[in-house]
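Shown next, in structure tokens, is the structure this report addresses.
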Amino acid sequence: MLRSMQNASSRASGRSRRSLRIPFRAFDAVCRAVTTYVESLLTDTERRYGLWKSWTVSATRFTAGDNRGWWNSHDWSCLGEEWTPDPTWKASVLNRFLLPFVPPGGRVLEIGPGGGRWTEVLIARAARVYVLDVAEVPLRVCRHRFSRLSTVTYVRGDGRTVPLVERSIDAIWAYDVFVHVNPHDARSYVTEFGRVLRRGGHAVLHHPGHELTTGERALQHRSDLTDLMINEFARGSGFEIVLQTRELVNEGDALTVLRKK
């Protein structure tokens with residue numbers, strides 16, 4: 001009799017725990033939805049007013065740590081060419097943005113080389129190429145791919161600074177990179193670009209535009225950086241804006257060319 005009562009009590013207790021689990025899961029789902037909605041409102045406001053400080057919501061997303069994790073776990077067997085629509089498009093990017101602003105025989109810094117799809121062109125054009133990345137795996141891929149060349153220097157970065165001496169670089173190339181960098185870190189990078197670039201040197205940066213909504217950014221894996229923020233950072237770091245366009249980039253993105261005064 002006692003055992004029967006204990007079994008009945010145990011079954012009732014189990015049903016109670018299971019019944020509590022369902023409301024808890026629902027409550028957790030509601031909390032997550034509310035958090036996402038509030039963050040969306042906050043990041044919309046941050047982009048609208050150009051807010052980029054360390055206390056912003058956007059500074060907690062697309063961090064150096066996030067990028068290190070993403071690109072260390074990425075499959076680089078296609079060497080980054082999986083993002084090249086076709087050879088004609090790539091040739092257009094080179095002729096429109098790389099060749100005019102990367103001087104032959106110069107010293108060039110590339111941020112985020114990936115599998116080296118742009119690096120191979122920069123190596124053929126420059127006397128020295130510095131490839132900087134927060135992730136170890138892309139650097140390893142490039143080091144293996146270009147192992148016979150002595151004109152490439154591989155630098156593991158912290159996602160915010162450039163460990164090179166002042167006025168030592170003639171051009172900077174960063175395509176498909178700042179679309180994944182948050183505004184706080186991007187501002188630090190642009191400040192560093194102003195320090196390492198020689199007078200008259202150019203920085204070519206591909207980044208999100210201001211028109212993308214929070215939902216579109218999530219779908220396209222885009223940070224909260226905008227072209228308007230890039231303009232503000234550039235002016236504060238001694239740059240003039242030579243070109244800002246929507247040509248040859250993904251919908252909603254922009255490409256900006258800066259010149260060091």
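The values are calculated or read from the model by the stated rules, or taken from the named source; none is laboratory data. Because the structure is predicted, anything quoted here is derived from the model rather than measured. Positions of Cβ are backbone-derived with ideal geometry, glycine not excepted, and every protein chain shown enters the neighbour counts.
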Residue list for region 173-219, filter: of a type in the set (Gly, Ala, Ser) and modelled with pLDDT of 95 or more
ALA174, ALA186, SER188, GLY194, GLY200, GLY201, ALA203, GLY209
Mind checking which residues of region 131-169 are of a type in the set (D, E, K, R) and surrounded by 21 or more Cβ atoms within 10 Å (Cβ to Cβ)?
ASP133
Options SER54, SER9, SER40, SER13; residue that is farther than 30 Å from GLY115 by Cα, out of contact with any Ser or Thr (no Cβ under 6 Å at 6 or more places or on another chain) and modelled with pLDDT of 70 or more:
SER54
Condition set among the charged types (D, E, K, R) and either in a loop (DSSP other than H, G, I, E, B) or out of contact with any strand residue (DSSP E or B) (no Cβ under 6 Å at 6 or more places or on another chain) (or both), scope region 78-128, selection farthest from THR151 (Cα to Cα): answer is ASP86
In this structure, is GLY238 buried (at least 23 other Cβ atoms within 10 Å of the Cβ), more than 26 Å from THR60 (Cβ to Cβ) and at pLDDT 95 or above?
no
Say whether the condition of being in a helix (DSSP H, G or I) and either within 15 Å of the chain's Cα centre (by Cα) or among the polar types (S, T, N, Q) (or both) is met by at least one residue in region 163-171.
no
Please tell me if LEU122 is of a type outside the set (Asp, Glu), closer than 22 Å to ALA171 by Cβ and surrounded by fewer than 21 Cβ atoms within 10 Å (Cβ to Cβ).
no
Can you find even one residue in region 182-201 that is within 21 Å of SER54 (Cβ to Cβ) and among the aliphatic types (A, V, I, L, M)?
yes
Restrict the check to region 106-119 and report whether at least one residue is crowded, with 22+ Cβ neighbours inside 10 Å and more than 17 Å from VAL155 (Cα to Cα).
no
Which residues, counting only those in region 246-261, are touching a residue at least 60 places away in the same chain (Cβ under 8 Å), among the aliphatic types (A, V, I, L, M) and touching a Lys or Arg at 6+ places or on another chain (Cβ under 7 Å)?
LEU248
For LEU98, only one of the following conditions fails: (1) surrounded by 21 or more Cβ atoms within 10 Å (Cβ to Cβ); (2) out of contact with any Asp or Glu (no Cβ under 8 Å at 6 or more places or on another chain). What is its number?
(1)
